[in-house]
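Q: One structure follows; several queries about it will come next.
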């Protein structure tokens, strides 16, 4: 007799998210980055701060690392879910 394959957990989760039309960012914990001009960045769903200088703020998210580069960077506030970075934003990059 043939072996019955069980669906993988990620596939089941994906099917549920799609069928219920749930927001992917909430269900998968994806990072959300909102840039407001060149002076503010709001980061949601981050896990922690890896590096913090006036020129670079590197964050760990569930799936990658996010680096905000610029001048006079400051973390205005942070909670368990979101962080506001201000200063002169020159770039935002994602690393695996």
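The values are calculated or read from the model by the stated rules, or taken from the named source; none is laboratory data. This is a predicted model, so every value here is computed, not measured. Neighbour counts are summed over all protein chains in view; Cβ atoms, including those assigned to glycine, are modelled from backbone coordinates with ideal geometry.
Residue-wise test of (1) surrounded by 13 or more Cβ atoms within 10 Å (Cβ to Cβ); (2) in contact with a helix residue (DSSP H, G or I) (Cβ under 8 Å, 6 or more places away or on another chain); (3) within 19 Å of residue 38 (Cα to Cα); (4) without any contact (Cβ under 8 Å) to a residue 12 or more places away in the chain.
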| position | (1), (2), (3), (4) |
| --- | --- |
| 54 | no, no, yes, no |
| 66 | yes, no, yes, no |
| 70 | yes, no, yes, no |
| 73 | yes, no, yes, no |
| 80 | no, no, no, yes |
| 84 | yes, no, yes, no |
| 87 | yes, no, yes, no |
| 95 | no, no, no, no |
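Q: Another question about this same structure. Which of the residues spanning the range 54-74 are modelled with pLDDT under 95, touching a strand residue (DSSP E or B) at 6+ places or on another chain (Cβ under 6 Å) and not in a strand (DSSP E or B)?
A: The answer is 64, and nothing else.
Q: Could you please let me know if residue 28 is under 29 Å from residue 91 (Cβ atoms) and at pLDDT below 95?
A: Criteria met by residue 28.
Q: If you go through the range 38-53, how many residues are at pLDDT below 95 and either part of a loop (DSSP other than H, G, I, E, B) or under 12 Å from residue 94 (Cα atoms) (or both)?
A: Result for the range 38-53: 1.
Q: So, one more: Run residue 87 past the list (1) modelled with pLDDT of 95 or more; (2) on the phi < 0 side of the Ramachandran plot and report the number of the one that doesn't hold.
A: For residue 87, the failing item is (2).
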